[in-house]
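Please read the structure below before turning to the comments.
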Amino acid sequence: MAEEHAMTPRLTSILDPQLLIQALAACTVGVVMTDACHDDAPIVYVNPAFEALSGYTADEILGRNCRFLQGQDRDQPGVEKIRQAMAEQRRTTVILRNYRKDGTLFYNELSLSPVHDASGTLTHYLGFQSDVTAREGAQEEQRISEERFTKVFEASPVAIIVSQLSNGHYLDVNPEFLHQSGYSREEVIGRTALDLGFWVDPLKREDVGQTLQEEGKVLNREVQFRLKSGAVADTTVSIVPVTIGGEACVATLIHDVTLEKQAQRVLAESEERYRQIATELQRTLDLSLDLITSIDAEGRFITVSAACQQILGYAPEELIGRAYLDFVHPDDRVMTMQEDDSITAGQATTTFQNRYVRGNGAVVWLEWAAVILPGDPLTYCVARDVTQRRTAEEDQAFLAAIVQASHNAIVGTDLGGIIRSWNAGAEQLYGYTAAEAIGQPATLAVPGELQAEETQLVQRVVQGERTAPFESIRVTKDGQKLIVVVTVSAVLDADGQVIGVAKITRDVTARHAAEVEIQTLNKDLLRQIDYITSLRTIDQSIASSADPSVTLGLILDNIRHQLGVDAATALLINVETLNLEYASTRGFRATVLQGTAVKLGVGLAGQVALNRQPLSVPDLGSTLVLPTWHDVVHQEGLTAYYAAPLIAKGQVVGVIEVLHRQALPLSPAWLERLETLVGQAAIAVDNAQLFAGLERKNLELRLAYDETIEGWAQALDLRDHETEGHSRRVTEMTVALCQRLGHSPEQLVQVRRGALLHDIGKMGIRDAVLLKPGKLTDEEWVEMKKHPEHALNLLSPIGYLRPALEIPQSHHEKWDGSGYPLGLKGAAIPLMARAFAVVDVYDALTSDRPYRQAWSSERAIAHIQNSAGTHFDPAVVAVFIDLLEQGAP
């Protein structure tokens with residue numbers, strides 16, 4: 001305290017007070033003096049500078065404590081320091097926030113000193129006050145700036161590194177850097193990026209350093225850093241130079257964009273998926289059968305689905321950009337524009353229909369649904385082709401009119417079996433009005449005994465079973481029963497679900513009665529047709545069969561069928577023995593009668609033949625019959641008998657017997673039919689006998705023809721001694737060969753005749769030429785080669801020999817076309833002639849001639865084989881050789 005007091009100024013009488021007052025008044029620093037002897041330390045002096053500083057006059061200040069200048073802002077660190085200094089009676093310098101008279105704040109630097117008297121007693125405090133508002137404001141601004149930077153540095157979401165420019169040592173890093181990198185502060189301060197292996201790409205680091213050196217800064221450069229964990233982070237880096245404490249440094253701001261990169265990749269993938277989804281959506285829309293489109297405010301197509309091709313006949317590219325009204329039917333344009341105005345005015349979405357004109361000029365009905373979304377300039381529309389539906393609706397209207405006009409009863413019921421519709425035809429048929437019937441059970445007109453069966457039938461129809469129209473009974477209102485034909489079918493809704501049943505009922509009572517009558521007539525007609533058909537069949541058999549037993553068997557079958565009898569027999573007269581012989585029997589279990597005979601006048605059949613009159617025996621048991629007949633009748637159980645003679649051209653040729661196990665219905669119609677069938681049998685027998693006689697005559701004539709031909713052949717052999725027996729041999733061999741080649745028996749007859757007459761044309765050749773022992777001259781060969789022509793001229797006038805001309809005319813033709821007389825080639829030569837040519841040459845070579853001996857068979861065969869393909873048909877040669885090997889003549 002002694003030192004403190006020694007330094008405290010003292011007031012002495014030595015200093016001129018006036019001079020002190022003048023000095024204080026002239027001082028530019030505010031001076032305040034307070035009385036320390038009072039507890040409140042009132043102000044006892046202020047100089048003009050303080051008055052100017054505070055804005056108060058001396059009169060307003062004197063007597064008051066200095067703290068009035070703080071106003072309400074008294075909780076200040078400087079105030080507490082003043083209290084402590086005053087308590088310790090020592091100097092102090094503080095800065096206070098004081099307020100002028102006008103209320104403005106100013107920072108006051110107060111230097112307070114205690115003043116003691118000569119005895120050392122504290123008497124006053126002397127305060128020197130300076131306005132340091134500007135300085136304090138600058139310092140406060142700097143402090144706030146530093147505080148703000150510190151807060152930003154500490155709280156920044158961007159990693160910040162402060163490093164020395166000269167060596168790259170890290171001076172400071174913010175928490176975000178530590179968070180992102182995974183390092184602690186101790187692990188990085190004083191180290192470099194190289195020490196930490198922070199840069200993934202060293203070349204990138206060099207490039208960034210080069211940019212910093214050349215441009216003085218680096219802004220938003222994308223680089224990759226390796227974190228403590230070894231993971232690689234995508235970042236953008238900005239580097240700016242800073243000066244800290246007079247030292248050149250750089251601040252590196254690192255923004256981790258790893259998540260952003262991932263988000264960008266996710267976004268890119270999402271956009272790609274969106275494009276794919278949009279593409280698939282368009283494809284899906286294109287699969288829709290409906291036309292899906294968007295239309296702009298000007299009424300132009302913006303997008304159109306592929307269905308437009310099917311519905312309108314235009315491809316999407318032909319519609320996009322064009323006004324939709326261009327395609328609307330002229331008669332529907334006004335209505336369509338009104339609908340468009342309603343939709344664009346924001347009215348609720350509705351559907352409407354209009355007509356469009358297809359590309360081919362056809363008209364199509366479309367049903368539209370349109371909507372406008374808030375803030376979207378486009379109108380989104382879906383159009384469905386309802387042409388068929390409208391046609392169906394029109395058809396349905398037509399159908400309803402037809403149903404109502406139908407004379408048939410058409411009734412509709414729901415699935416509960418309640419009548420829902422009842423047309424005029426039903427009213428007329430049943431007698432109930434529609435008002436009386438609708439709401440009643442479907443069995444209203446169905447008899448009680450048929451109701452369960454009909455209910456089951458309806459249930460089957462509801463379950464999808466198709467039923468054919470059926471006959472049934474219906475009861476009218478007045479109780480009359482009707483025979484009707486009913487057709488039952490399911491009624492389907494638009495989705496194909498069964499919603500009811502329709503019954504169409506037609507009154508067939510009159511028709512049914514007519515049908516019964518027609519059926520009776522038809523039975524009679526069918527019997528007549530069957531009878532006539534049987535007669536026709538018998539006629540055909542008579543005309544086509546020469547065997548009387550076949551036709552007689554057919555007649556007996558028809559007798560049994562047409563006359564309804566159990567058994568029948570046919571007996572024919574043998575003109576040589578004058579016996580009746582059983583030719584055919586039907587209906588007998590035993591066959592003892594077949595092949596037996598009855599003498600004329602003996603037995604029942606013998607009496608009928610002799611008397612030429614029918615015979616009826618109602619009871620065979622009471623009639624004397626032959627023993628053989630008695631046994632047959634007893635075994636077969638036959639009782640009734642009827643027989644009629646077969647008379648042809650006035651001659652009895654046989655007898656027809658009819659037997660039955662019951663009495664015979666000898667009605668006129670029955671007897672007439674039997675008489676007709678017996679007459680057919682007589683014709684059949686007579687026809688067979690005529691045919692047999694004709695066949696004998698034909699055979700005799702044919703034998704005469706063949707004997708004549710053989711006589712001609714022998715005459716030729718006798719004329720040409722060299723060919724004696726030749727005709728017979730070649731004929732037999734040619735017939736055998738042609739049989740192998742597939743000729744029919746009728747054709748083989750012509751083969752035989754042609755072979756026998758093959759040289760018949762030589763009868764036109766002069767003996768001098770034909771019998772010349774030496775070689776023929778060219779002229780003579782020309783004459784000799786004419787013998788096929790002579791054969792044609794000789795035989796063609798004879799009708800039955802024309803089919804045999806192929807061998808006489810063509811047997812000298814050759815396979816290669818070098819033969820005569822026509823030079824035919826290959827298959828153009830008749831097959832008969834081709835076969836005969838091989839046989840003729842073989843027989844000539846194997847026969848002795850005056851000028852040479854006969855060749856062996858082997859040598860002749862070799863010659864023929866060598867000539868196959870030139871002289872002979874190779875196929876015929878092969879069959880011929882096979883024939884020889886099997887030992888044919």
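The values are calculated or read from the model by the stated rules, or taken from the named source; none is laboratory data. Bear in mind that the values here come from a model prediction, so they are computed numbers and not experimental data. Positions of Cβ are backbone-derived with ideal geometry, glycine not excepted, and every protein chain shown enters the neighbour counts. In case anyone asks, the SASA skips ligands and DNA or RNA and just uses the protein heavy atoms, side chains included. Shrake-Rupley method; radii C 1.70, N 1.55, O 1.52, S 1.80 Å.
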Quiz prompt | Considering residues of region 112-171 that are more than 26 Å from residue 236 (Cα to Cα) and of a type in the set (Val, Ile, Thr) only, the residue modelled with the lowest pLDDT | solution = 144
Exercise. Could you tell me whether region 312-322 includes any residue that is of a type in the set (Ser, Thr, Tyr), more than 14 Å from residue 382 (Cα to Cα) and either touching a residue at least 12 places away in the same chain (Cβ under 8 Å) or not in a strand (DSSP E or B) (or both)?
Key: yes
Exercise. Determine the pairs where a residue that is under 16 Å from residue 814 (Cβ atoms), located within region 776-787, has a partner that is open to solvent by less than 90 Å² (accessible area, probe 1.4 Å) and among the aromatic types (Phe, Trp, Tyr) with Cβ atoms under 7 Å apart, the partner being 6 or more residues away or on another chain.
Key: 785/820
Quiz item: Using beta carbons and a limit of 6 Å, which pairs, at least six apart or on different chains, have the first residue in region 486-514 and over 16 Å from residue 472 (Cβ atoms) and modelled with pLDDT of 85 or more and the second one open to solvent by 50 Å² or more (accessible area, probe 1.4 Å) and in a loop (DSSP other than H, G, I, E, B)?
Solution: 499/493
Quiz item: Which is surrounded by fewer than 17 Cβ atoms within 10 Å (Cβ to Cβ), part of a helix (DSSP H, G or I), modelled with pLDDT under 65 and out of contact with any Leu (no Cβ under 7 Å at 6 or more places or on another chain), of 690, 716, 699, 748?
Solution: 699
Practice problem: Name, by its number, the condition in (1) open to solvent by 60 Å² or more (accessible area, probe 1.4 Å); (2) in contact (Cβ under 8 Å) with a residue 12 or more places away in the chain that does not hold for residue 409. | Solution: (1)
Quiz item: Which of the residues spanning region 337-383 are assigned to a strand (DSSP E or B), open to solvent by 40 Å² or more (accessible area, probe 1.4 Å), more than 16 Å from residue 292 (Cβ to Cβ) and hydrophobic (A, V, I, L, M, F, W, C)?
Solution: 357, 363, 365
Exercise. Report, by residue number, each residue of region 793-840 that is within 60 Å of the chain's Cα centre (by Cα) and under 21 Å from residue 748 (Cα atoms).
Key: 827, 828, 831
Practice problem: Quickly run through region 24-52 and pick out the residues that are open to solvent by less than 30 Å² (accessible area, probe 1.4 Å) and in a loop (DSSP other than H, G, I, E, B). | Solution: 36, 41, 42, 47
Exercise. Among the numbered conditions (1) touching a Leu at 6+ places or on another chain (Cβ under 7 Å); (2) more than 28 Å from residue 876 (Cβ to Cβ), tell me where residue 757 comes up short.
Key: (2)
Practice problem: Among the residues of region 784-809, write down those that are open to solvent by less than 40 Å² (accessible area, probe 1.4 Å) and closer than 20 Å to residue 823 by Cβ. | Solution: 784, 787, 788, 791, 805, 807, 808
Practice problem: Please tell me if residue 524 is more than 37 Å from the chain's Cα centre (by Cα) and at pLDDT 90 or above. | Solution: no
Exercise. Within region 665-679, work out how many residues are within 19 Å of residue 586 (Cβ to Cβ) and surrounded by fewer than 22 Cβ atoms within 10 Å (Cβ to Cβ).
Key: 6
Quiz item: Got a sec? Which of 844, 860, 854, 837 is assigned to a helix (DSSP H, G or I), farther than 20 Å from residue 752 by Cα and either of a type outside the set (Lys, Arg) or open to solvent by 60 Å² or more (accessible area, probe 1.4 Å) (or both)?
Solution: 860
Quiz prompt | In region 462-488, residue nearest to the chain's Cα centre (by Cα) [restricted to those that are assigned to a loop (DSSP other than H, G, I, E, B) and not polar (S, T, N, Q)] | solution = 464
Self-check item: Residue satisfying all of: in region 83-95; within 12 Å of residue 113 (Cβ to Cβ) and open to solvent by less than 60 Å² (accessible area, probe 1.4 Å); modelled with the highest pLDDT among these
Solution: 92
Exercise. Return yes or no: is residue 134 without any contact (Cβ under 8 Å) to a residue 24 or more places away in the chain and more than 19 Å from residue 47 (Cβ to Cβ)?
Key: yes
Quiz item: From the set of residues in region 863-889 that are over 14 Å from residue 741 (Cα atoms) and exposed (fewer than 14 other Cβ atoms within 10 Å of the Cβ), which is farthest from the chain's Cα centre (by Cα)?
Solution: 889
Quiz item: Residue check: is residue 443 part of a loop (DSSP other than H, G, I, E, B), of a type outside the set (A, V, I, L, M, F, W, C), under 26 Å from residue 512 (Cβ atoms) and modelled with pLDDT under 85?
Solution: no
Practice problem: Tell me which residues, restricted to region 810-828, are charged (D, E, K, R), open to solvent by 40 Å² or more (accessible area, probe 1.4 Å) and without any contact (Cβ under 8 Å) to a residue 40 or more places away in the chain. | Solution: 825
Quiz item: Across region 863-876, what is the number of residues that are at negative phi and assigned to a loop (DSSP other than H, G, I, E, B)?
Solution: 3
Quiz item: Within the bounds of region 813-835, is there any residue that is under 21 Å from residue 867 (Cβ atoms) and at pLDDT below 90?
Solution: no
Exercise. Could you grab me the full set of residues in region 751-772 that are open to solvent by 40 Å² or more (accessible area, probe 1.4 Å), part of a loop (DSSP other than H, G, I, E, B) and at pLDDT 75 or above?
Key: 766, 772
